[in-house]
Structures are given as structure tokens and as C-alpha cells.
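First comes the structure, then the notes that go with it.
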Amino acid sequence: MQPQYQMGYDRAITVFSPDGRLYQVEYAREAVKRGTTAVGIKAKDGIVLLVDKRVSSKLLEPSSIEKIFQIDDHIGVASSGLVGDARRLVDMARVETQKNRVMYDEEMDVEMLAKQLCDFMQYLTQAGGYRPFGTALLIAGRSEGQFRLFETDPSGTLLEYKATGIGIGRNAVMKVFEEKYRDDMTIEEAIVLGLEALHAATEGKFDINMVEIGVVSNSEPPFRKMSRDEVTGYVGKIEKPEAPATPT
């Protein structure tokens, strides 16, 4: 049971407790930790976003579960946590990228977009009558020929990664990345590594209906979601690994 003095800092308004904590932000982070796993991996020729959609019922249409969103031709986002909160941020990001095109006649810089979203998320941690967003985002894009991968946090914190994960399986996927990630990986190798990480995060409970993949590359347009047939081919490599050669 919480101490009486603490409960006053545990209600609707996000204010500091006497020991310097923001409980509403911590609860928002817990919402992210309970969300499905999403991973992002930067390769030498692009970025891969992969998500576990966790189909909870055989009556559910897997295509109705959306965890990877296109923001602009060159930017994609993967989310974990409250999907409704993520969709609100996605809508905001789409508006900002289109405003940038109208005003400056050019694509919006990936880092600039990520900072604008995080500024908005941070504002909700200090404004009365609001709550923090219960979602985290992986923002992947191409700017001036460079591939960038950012992770946001409900507090408004922004970090850039080579490979990272969010959601309930973060610890498992980060362990895989720490062991196997290489800077010279191709997109195909990054997809396989990402699927291995999701496989570890889901403890082998893994099939084609659970996986969604988005790719940022040097093609035009730079960002696209993979078709079901493409995803099936990659998932098959994880579900049925090649048997080791028999010694002669």
C-alpha cells in the first residue's frame, strides 16, 4: 500500500513527488513495457522495422492490427503501448511532414520530426489536465542520404540507435542485438536478425500472422511495408532453420 503522502502525487496531475519522481510518467512507461515488441535495425543500405502484432483471437482479422505506420515517403514509425495514443502522434507527424513540404518544398528532416514529437510528448508531462502518452515510437527515415533511427519515450526523451527494441520483449531483443548486430549488415541480414530477436522475445510463439515489417531503403519511395508473401519467406527461415551439414 502506498504511503499517504505519496498518494497525493499519484493522481491526475503530473507533479514531482518529494523524492523527485513523476508517477504518471512512470505509469506511462509501464504501459509501453506491457505493449507488444517492436524492433528497429539500421543496416548499411537501409533501416528495418519489425513488430509483433500478437493476434489474441482466431476471430480477429490480423490485417486490422496496425503497428507500423507510414508518415511520409521517406519516414516510417513502429509503435508499442497504447495504439490509440500512437495513432494520435502518427496523425500529428503526418501533418507536420506535409506542412514542411508546403512551406519549404522539401522533405522534412527525420531528426527534426522526432524532436517535434518529443517536444509535444514532454509538454504533456508538465501541463495540468493532461496525461502522458502511453506509447513509445521507433522513428526510421532517410535524410540527405543518411539513414536515421530514433526511439521516443513517454517523458519526451529522444535517443538515436543502431538497433533497439521497445515493448514487453525489449530485454530479450537487446540481448540478441548486443551479441549479433554488425554495422555492415545488409537489409536482408537485418530482417533475419530482427526476426530472430522477435522469436526470442515471444519464446518461439511465432507465425506469419504475428509479424509486420517496414523497410526504409534507397529505393523510391524510400519507405514501404512488406507484402504478406515477402514476410512469409523471411519468417520461414526462422521457423525452419537450415539443418547443419552432416560431417563426411
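All conditions in (1) modelled with pLDDT of 95 or more; (2) within 16 Å of the chain's Cα centre (by Cα) hold for ASP73, with the sole exception of (2).
For segment 138-234, which strands (runs of 3 or more DSSP E) that fit wholly inside it have 2 or more residues that are at pLDDT 95 or above and buried (at least 19 other Cβ atoms within 10 Å of the Cβ)? Quick ask: steps written out before the conclusion?
Details: elements: 146-152, 158-160, 163-166, 211-217, 223-225.
Qualifying strands (runs of 3 or more DSSP E): 146-152, 163-166, 211-217.
Applying the selection to segment 74-85, what residues are out of contact with any Asp or Glu (no Cβ under 7 Å at 6 or more places or on another chain) and either of a type in the set (Asp, Glu) or touching a residue at least 40 places away in the same chain (Cβ under 8 Å) (or both)?
ILE75, GLY76, VAL77, ALA78, SER79, SER80, GLY81, LEU82, VAL83, ASP85
Of the residues making up segment 29-65, those that are crowded, with 24+ Cβ neighbours inside 10 Å and small (Gly, Ala, Ser) number 4.
Checked against (1) in a helix (DSSP H, G or I); (2) small (Gly, Ala, Ser); (3) modelled with pLDDT of 95 or more, SER63 passes all but condition (3).
Of ILE208, ILE187, all but one fail to be over 21 Å from ARG34 (Cβ atoms), in contact with a Gly (Cβ under 7 Å, 6 or more places away or on another chain) and not charged (D, E, K, R); the exception is ILE187. Of the residues making up segment 124-132, not a single one is under 30 Å from SER17 (Cα atoms) and either modelled with pLDDT of 95 or more or in a helix (DSSP H, G or I) (or both).
Does segment 86-109 include one or more residues that are touching a residue at least 24 places away in the same chain (Cβ under 8 Å), of a type in the set (A, V, I, L, M, F, W, C) and within 13 Å of ALA38 (Cβ to Cβ)? Looking through segment 86-109, at least one residue is touching a residue at least 24 places away in the same chain (Cβ under 8 Å), of a type in the set (A, V, I, L, M, F, W, C) and within 13 Å of ALA38 (Cβ to Cβ).
Does ARG94 satisfy the criteria of being farther than 19 Å from SER143 by Cβ and surrounded by 16 or more Cβ atoms within 10 Å (Cβ to Cβ)? No, not satisfied. Kindly indicate whether ARG29 is of a type outside the set (Ser, Thr, Tyr) and either more than 30 Å from THR186 (Cβ to Cβ) or part of a helix (DSSP H, G or I) (or both). Yes, satisfied.
The values are calculated or read from the model by the stated rules, or taken from the named source; none is laboratory data. None of the values given here were measured: they were computed from a predicted structure. Note that we place each Cβ from the backbone using ideal geometry, even for glycine, and neighbour counts take in every protein chain shown.
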